[in-house]
Amino acid sequence: MASETPTTPVRGWRLPSVNISLPEVHGSIAVPHDAGFWRKLFAFAGPGYLVAVGYMDPGNWATDLAGGAQYGYTLLSVVMLSNLIAILLQALAARLGIASGRDLAQACRDHYSRPVTIGLWIICELAIAACDLAEVIGSAIALNLLFGLPLIWGVCITALDVLVVLYLQNHGFRYVEALVVGLILAIAGSFAVELFLAKPDMAAVAAGFIPRSVILRDGNMLYIAIGILGATVMPHNLYLHSSIVQTRKYRDTLESKGEAIRFATIDSSVALMFALFINAAILVMAAAAFHGSGHEGVADINDAYQLLTPLLGTRMASILFAVALLCSGQNATLTGTLAGQIVMEGFINIRLRPWLRRLITRLIAIVPAIIVVALYGERGTGQLLILSQVILSLQLSFAVIPLVMFTNDKHKMGPFASPWWVKAVAWPVAIVIAVLNGYLLWQTFAG
């Protein structure tokens, strides 16, 4: 058995220490250090599922529906590649949080100058607002479909979910994790039934996972593909994950931290496979139900809901679709408060009461949602959802590049710096993300 050598201070950071990330829950979940593999895995399981909900939020629905309806199964390869990138990046986020004791926002504040830090904070807040916008609209649409509630009222009601977040967090972080896992299972179960009803062509599904060059040549397809990338690889989840892995009470030793990194990586990788199933299921259902049936233009969640009953032959298809959408929107809101709190405290070292931070974030999302609903009604919400995911994708490099840079730095990470093969994969991923986003900007403004 390896000796438990205490970790030594790493000299690569400017500040000798930083404030504890999420102090109200930091180190609050015990880890049975002398237990077997499965008990330890259970102790570390949870943060990955909080991260995974961001990869299956209503923003994904809009991009996956549009991709499946217009291009069949072709963009399944983008969903798969995006998910693999997410697994890599979330593993790096967990590594950073556990090894350095800093979340990604704190690490940026420690490394960069004050003006750069402020700039990164503003960009990240915009990404969180864009994500929150998708959740607001998704939940409002689900309430409208299930109960006939007007969209504007649904948008306003979503601001009340702050009470749920505060109640659960005050009773312990495990309650938050348990609710998230329960909602994920409800979403997965709903789409398992949807796939059974849709009866997709399994050979075509398998072929869809093979990347094709036409995705890069077709401007419209590339726009949706980058939207899928932005919806799948959530930039603020990198900040979130680097913080919530520190809710586990591992020891301050090389052996214990190394073990924590391994179990946190397993946790997030397994959780993100659920996200892959759900995102692929949405696209496959849209391809099977809408592509080739004269409904290729379906990118609106409301249209999809209305068409599922006649196309699949049962009212249950539409009801399950709306229930899963509501679960998805509410699930994603649970992590929004935490991400916003981590980003604000980490970048600019300002603590606000959680209910106030949540309310500010919600208002930033609610105002544009109300304006769009009032001006364009239901038709405007689908395009707004896709646009929100493209905004997320454009912000991604500002989170990914610092994350890869920090985790590769031996002066900052000590013995937990990324091995050479991870560096060989991570830097090309970061470069590809930056190039694709640059191409999207050029195409948007020049074409």
Practice task
Can you give me the ranges of the helices (runs of 4 or more DSSP H) entirely in the stretch 286-385 with at least 3 residues that are surrounded by 23 or more Cβ atoms within 10 Å (Cβ to Cβ) and at pLDDT 80 or above?
Solution key: 315-348
Problem - Cross-chain or 6+ apart pairs with Cβ under 8 Å, the stretch 324-348 first and under 11 Å from D103 (Cβ atoms), then of a type in the set (F, W, Y) and open to solvent by 10 Å² or more (accessible area, probe 1.4 Å) - result: V343/W121; F347/W121
Problem - Which listed residue is out of contact with any Gly (no Cβ under 8 Å at 6 or more places or on another chain) and modelled with pLDDT of 90 or more, from V435, V425 - result: V425
Problem - Test result for A281, in contact with a Leu (Cβ under 7 Å, 6 or more places away or on another chain) and either of a type in the set (D, E, K, R) or buried (at least 20 other Cβ atoms within 10 Å of the Cβ) (or both) - result: yes
Problem - Total residues in the stretch 46-73, condition within 18 Å of M285 (Cβ to Cβ), open to solvent by less than 20 Å² (accessible area, probe 1.4 Å) and not in a helix (DSSP H, G or I) - result: 2
Practice task
Could you identify the single residue in I141, I123 that is within 30 Å of H411 (Cα to Cα), modelled with pLDDT under 90 and among the aliphatic types (A, V, I, L, M)?
Solution key: I123
Practice task
Answer yes or no: is there a residue in the stretch 82-104 that is in contact with a Pro (Cβ under 8 Å, 6 or more places away or on another chain) and open to solvent by 10 Å² or more (accessible area, probe 1.4 Å).
Solution key: no
Exercise for the section: State whether the residues of the stretch 298-312 include one that is of a type in the set (S, T, N, Q) and in contact (Cβ under 8 Å) with a residue 40 or more places away in the chain. Expected result: yes
Exercise for the section: Considering every residue within the stretch 234-243, establish whether at least one is farther than 19 Å from V53 by Cβ and either surrounded by 18 or more Cβ atoms within 10 Å (Cβ to Cβ) or within 21 Å of the chain's Cα centre (by Cα) (or both). Expected result: no
Problem - Filtered residue count, the stretch 1-49, keeping only those that are over 19 Å from A105 (Cα atoms), among the hydroxyl-bearing types (S, T, Y) and modelled with pLDDT of 80 or more - result: 2
Exercise for the section: Examine the stretch 218-235 for a residue that is more than 17 Å from G340 (Cβ to Cβ), at pLDDT 95 or above and in a helix (DSSP H, G or I), and state whether such a residue exists. Expected result: no
Handout entry: Failed item, numbered, when L283 is tested on (1) more than 16 Å from A62 (Cβ to Cβ); (2) over 16 Å from the mean Cα position of the chain (by Cα)
Key = (1)
Exercise for the section: Tell me the helices (runs of 4 or more DSSP H) entirely within the stretch 109-213 that contain at least 2 residues that are open to solvent by less than 10 Å² (accessible area, probe 1.4 Å) and in contact with a His (Cβ under 9 Å, 6 or more places away or on another chain). Expected result: 114-147
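The values are calculated or read from the model by the stated rules, or taken from the named source; none is laboratory data. Please read all numbers here as calculations on a predicted model, not as lab measurements. Cβ coordinates were reconstructed from backbone atoms using ideal geometry, including for glycine residues, and neighbour counts include every protein chain displayed. What goes into the accessible areas is simple: the full protein's heavy atoms, side chains included, and nothing from ligands, DNA or RNA. Shrake-Rupley method; radii C 1.70, N 1.55, O 1.52, S 1.80 Å.
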